[in-house]
Amino acid sequence: MGCVLCEIAVDESHPHVVTDDEATVTILNLRPAVDGHLMVLPRHHVADAWGCPAGLYQRVYTAVHAAAARLRERLDGVAGITIVEAVRPAGWQSIPHLHVHVLPRRTGDGLQPIWVASTRAAETDLMALRERLTG
């Protein structure tokens, strides 16, 4: 098959599957950043968000919402959730199968922010960017 996530997604009895439906699978992360780290992915291969049909993308994020609720309801000490999706290697995607990380966060869990906010952008720069995005 070639894609490790496809191999898990098509095996309904795979031991790492937490929950699934006809379009998505939620699995335990094999290299968890924190206890309870889940990944939500489409059941069938889609490389990334740019190649995903809008309806399927909505289904993935409905499953992300459900995974976040499951973590909050079933694990002790969950004080927040971090949701991360990367697209392509430049965006830090390491496996070319769309997947969304859902991490239960606990106070003092040791994870650091992906980036730290820097100085505020100049208003002229923001307006120029807005124009490029909307014009």
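Does segment 61-73 include one or more residues that are among the aromatic types (Phe, Trp, Tyr) and free of Cβ contacts under 8 Å to residues at least 12 places away in the same chain?
no
What's the number of the condition GLN93 fails, among (1) in contact with a strand residue (DSSP E or B) (Cβ under 8 Å, 6 or more places away or on another chain); (2) surrounded by fewer than 18 Cβ atoms within 10 Å (Cβ to Cβ)?
Of the numbered conditions (1) in contact with a strand residue (DSSP E or B) (Cβ under 8 Å, 6 or more places away or on another chain); (2) surrounded by fewer than 18 Cβ atoms within 10 Å (Cβ to Cβ), the odd one out for GLN93 is (1).
Looking at segment 22-42 only, could you name the residues that are over 28 Å from GLY77 (Cβ atoms) and either out of contact with any Leu (no Cβ under 7 Å at 6 or more places or on another chain) or among the small types (Gly, Ala, Ser) (or both)?
GLU22, ALA23
Note down all Cβ pairs under 6 Å where the first residue falls in segment 89-109 and is on the phi > 0 side of the Ramachandran plot, the second is of a type in the set (A, V, I, L, M, F, W, C) and assigned to a loop (DSSP other than H, G, I, E, B), and they're at least six residues apart or on different chains.
Close Cβ pairs satisfying both conditions: TRP92/ALA86.
Of (1) closer than 15 Å to GLY51 by Cβ; (2) within 11 Å of the chain's Cα centre (by Cα), THR82 satisfies all except one. Which?
(1)
Is one or more of the residues making up segment 28-46 in contact (Cβ under 8 Å) with a residue 12 or more places away in the chain, surrounded by 14 or more Cβ atoms within 10 Å (Cβ to Cβ) and touching an Asp or Glu at 6+ places or on another chain (Cβ under 8 Å)?
Yes; the residues of segment 28-46 include at least one that is in contact (Cβ under 8 Å) with a residue 12 or more places away in the chain, surrounded by 14 or more Cβ atoms within 10 Å (Cβ to Cβ) and touching an Asp or Glu at 6+ places or on another chain (Cβ under 8 Å).
FYI, it's all coordinate maths here, none of it is from the lab. These numbers were taken from a predicted model, which means no experiment stands behind them. As a convention, Cβ positions derive from the backbone with ideal geometry for all residues, glycine included, and neighbour counts pool all protein chains shown.
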